[in-house]
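S.K.: Got a structure for you, written out below as structure tokens; questions coming shortly.
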Amino acid sequence: MRLRRSNPHAFEGINATPLIDVVMCLIIFFLLVGKLALDRGAQIRLPESRSGETDTAPDLLIINVFRTAAIDPVAAQAGSSSFVARVMVEGKQLASTGELETFLALRLAERPRTQIQLRADRELPFGLVEPVLRACARAGAKSARLAAEKPS
């Protein structure tokens, strides 16, 4: 009886299916982490608070309000520093509180259980945060939570 020998030089190739699965999982992971970093990792110095609770709402919408120096020649001559609020939601900068109100109204119509978390810079005057809160109220939000960090 004669046994056949396989050709030792024949190369069957690498099974790439597990490699593709791992790469797809990594892509999905980094997309999710990147979105969280955009929302929560914005360069905002939050106010400090000793009390409060961690917000773990499943449908959380984060509104970031940044502090931006205004270019105002009158204020510059007077020596005063003025700030302008810059509003970002889901990585998109909104031009006005009217645009924010429209966005929120559509979002709350789609998902009425959406919880709103407002992250505003600690040195931003409340007069610049108030229009954002008013836009939330006009859009139909039942509440908006202000984010703070625990002092170290």
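S.K.: Between ARG50 and ASN15, 0.36 nm times their residue separation minus their Cα-Cα distance comes to what?
M.R.: Here the segment from ARG50 to ASN15 would lengthen by 7.1 nm.
S.K.: OK, next. Please work out how much length the chain gains when fully extended from LEU31 to ARG113, using 0.36 nm per residue of separation minus the C-alpha to C-alpha distance, in nm with one decimal.
M.R.: My answer for the length gained is 27.1 nm.
S.K.: Let me ask something additional. Near ALA109, within a Cβ-to-Cβ distance under 15 Å, what is the net charge of the other residues, with Lys and Arg +1 and Asp and Glu -1?
M.R.: Taking every other residue near ALA109 into account, the sum is +2.
S.K.: Can I ask one more? Could you sort 127-135, 110-118 so that the peptide with the highest average Cβ count within 10 Å comes first and the rest follow in order?
M.R.: So the peptides 127-135, 110-118, ranked by packing, come out 127-135, 110-118.
A short reminder: the numbers here are calculations on the coordinates, not readings from a lab. Computed from a prediction, not measured in an experiment: that's the story for all the values here. All Cβ positions, even for glycine, are placed from backbone atoms using ideal geometry, and neighbour counts span all protein chains on display.
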